[in-house]
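Following: one structure in structure tokens, then a few remarks.
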């Protein structure tokens with residue numbers, strides 16, 4: 001069932017050469033004392049300038065894969081190359097080039113937001129100006145508030161700013177909009193899109209389908225430690241989707257609903273219905289990425 | 001070689017001081033320094049009831065306690081908070097390497113104990129008018145003792161599931177290993193037995209600190225320095241550094 005596609009054309013165009021940031025081949029990992037492998041033979045490429053989504057239910061292996069790519073878990077099997085170099089052989093300068101946004105709040109609770117960022121800023125050679133970033137995510141007015149007094153959403157936004165502190169070329173995002181209200185979720189998603197437009201590469205793990213669908217150039221479905229499929233969201237929907245047209249019409253006494261395959265809209269039956277009934281509404285039904293996920297993987301994202 | 005030089009420059013010039021200052025700032029903000037200072041103040045006030053002869057035993061005891069078990073507690077608590085608040089994840093995905101991280105913890109402990117040494121001796125001078133002719137012997141001893149016990153604190157914290165477990169491990173260390181050091185300071189262990197107990201780090205530490213206050217055979221002081229420095233190297237290379245990776249996997253594991 002495992003398939004891969006080449007990095008998408010948009011990413012290649014955006015960066016000219018379309019060089020690979022990561023090449024992952026046959027990655028396997030088992031946590032110490034665990035019976036099951038967390039990641040089982042995962043292979044994929046991450047191209048310069050693309051947003052690559054890693055989608056799967058809790059415990060599927062997506063966070064573990066990210067932790068391996070960012071060097072937190074090292075005793076893995078398989079080969080990982082970062083810009084052509086074996087990940088195992090890279091020094092700490094690797095971390096000058098990447099930014100990591102964790103799913104859980106990562107901050108010293110008794111320091112203010114500014115003090116937190118100031119501490120982390122001093123660990124890098126090149127750093128971004130904190131003020132515009134904090135202003136963008138709406139935290140500048142609360143910069144002198146202790147992080148322990150922040151709401152969950154504010155901590156999530158601070159996490160995101162911290163990940164951008166060192167002006168990384170590659171950004172790892174783990175559920176970056178989890179816990180955010182729609183307005184702040186939109187702000188963060190726009191910032192991710194802007195980051196990519198400026199040439200950045202993003203590895204995004206999430207179980208929020210709309211984020212993946214909206215942001216990602218390519219997406220990998222992972223379940224039980226294995227990648228089931230990799231492709232663009234559009235291609236996945238085309239390949240696995242079931243396109244329909246639902247017509248709601250008024251019968252003599254009540255409202256009826258009839259659903260046709262998209263291909264059937266040119267058939268006489270469909271036109272007869274339009275001609276002979278009072279149409280209440282017509283909706284095209286497009287398969288969601290979640291439907292595709294369930295179809296391909298055989299389980300729901302939340303289960 | 002050039003990458004090593006650049007690592008040393010980056011580490012010594014920027015990251016290590018930043019880590020130490022950061023640790024110190026958090027000691028202050030998490031009220032660990034205040035708790036430490038409060039305890040020291042209690043001990044210093046207790047000296048009001050003591051004669052100068054008794055001070056010769058009591059001050060080394062306070063210094064021993066501060067540079068050993070207090071440091072273990074401070075470092076253990078700091079690491080525990082970093083794990084609880086997941087800031088260790090962010091530090092480990094920055095250019096900071098395990099050596100820098102661990103060195104920073106040891107340096108912070110040394111710095112804290114040196115500041116406390118100044119506080120204690122200044123307070124005694126102010127309260128009791130007592131001065132110490134061999135004060136300069138104390139900072140090097142404090143640095144070695146505090147550095148070793150910072151490493152002990154890190155090692156004890158690694159495998160602990162929660163803060164209670166950290167405290168329990170520290171208490172076991174105190175009762176089994178630390179108290180003989182205290183007993184030597186108060187003359188509760190015969191001088192003929194003391195050389196056999198020097199293998200216990202707090203006993204060697206107690207002799208190094210006591211040497212600034214009363215006569216201690218110079219070979220015992222020399223042994224103490226050599227032994228504790230060797231222990232630092234062995235503990236770091238054999239326990240603390242190898243255990244760090246296992247700790248990271250547990251701390252960030254899902």
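The values are calculated or read from the model by the stated rules, or taken from the named source; none is laboratory data. This one's a predicted model, so the numbers in the text were calculated from it and none came from an experiment. Heads up, the Cβs are rebuilt from the backbone with ideal geometry, glycines too, and the neighbour counts pull from every protein chain shown.
Give the residue that is farthest from the other protein chains (Cβ to nearest Cβ), with candidates limited to residues of the range A:137-149 that are more than 25 Å from the chain's Cα centre (by Cα) and not in a helix (DSSP H, G or I). Across the range A:137-149, the extreme among qualifying residues is A:143.
Residues that are over 31 Å from the mean Cα position of the chain (by Cα) and farther than 30 Å from residue A:222 by Cβ are absent from the range A:283-297.
Kindly evaluate residue B:254 against the criterion of being surrounded by 19 or more Cβ atoms within 10 Å (Cβ to Cβ), under 30 Å from residue A:62 (Cα atoms), within 14 Å of chain A (Cβ to nearest Cβ) and at pLDDT below 95. Considered against the rule, which asks whether it is surrounded by 19 or more Cβ atoms within 10 Å (Cβ to Cβ), under 30 Å from residue A:62 (Cα atoms), within 14 Å of chain A (Cβ to nearest Cβ) and at pLDDT below 95, residue B:254 comes out as no. Of A:158, A:134, A:117, A:180, all but one fail to be outside any helix (DSSP H, G or I) and touching a helix residue (DSSP H, G or I) at 6+ places or on another chain (Cβ under 9 Å); the exception is A:180. When only residues in the range B:131-158 that are in a loop (DSSP other than H, G, I, E, B) and touching a residue at least 12 places away in the same chain (Cβ under 8 Å) count, which is surrounded by the fewest Cβ atoms within 10 Å (Cβ to Cβ)? Step by step, filter the range B:131-158, then rank; the result is B:134. Tell me, which residue of the range B:50-82 that is within 14 Å of chain A (Cβ to nearest Cβ) and buried (at least 19 other Cβ atoms within 10 Å of the Cβ) is nearest to residue B:171 (Cα to Cα)? Top of the filtered list is B:77. Considering (1) touching a strand residue (DSSP E or B) at 6+ places or on another chain (Cβ under 9 Å); (2) at pLDDT below 95, the lone condition that residue A:99 does not fulfil carries the number (2).
Pairing each residue of the range B:214-242 that is at pLDDT 95 or above with any residue that is loosely packed, with under 13 Cβ neighbours inside 10 Å, provided the two are 6+ apart or on different chains, yields C-beta distances under 8 Å for B:225/B:140; B:227/B:199. Residue by residue through the range B:20-40, note down the ones that are farther than 24 Å from residue B:203 by Cα, in contact (Cβ under 8 Å) with a residue 12 or more places away in the chain and more than 14 Å from every other protein chain (Cβ to nearest Cβ). The answer is B:37, and nothing else.
For the range A:284-300, what are the residues that are out of contact with any helix residue (DSSP H, G or I) (no Cβ under 9 Å at 6 or more places or on another chain) and exposed (fewer than 12 other Cβ atoms within 10 Å of the Cβ)? The one that is out of contact with any helix residue (DSSP H, G or I) (no Cβ under 9 Å at 6 or more places or on another chain) and exposed (fewer than 12 other Cβ atoms within 10 Å of the Cβ): A:298.
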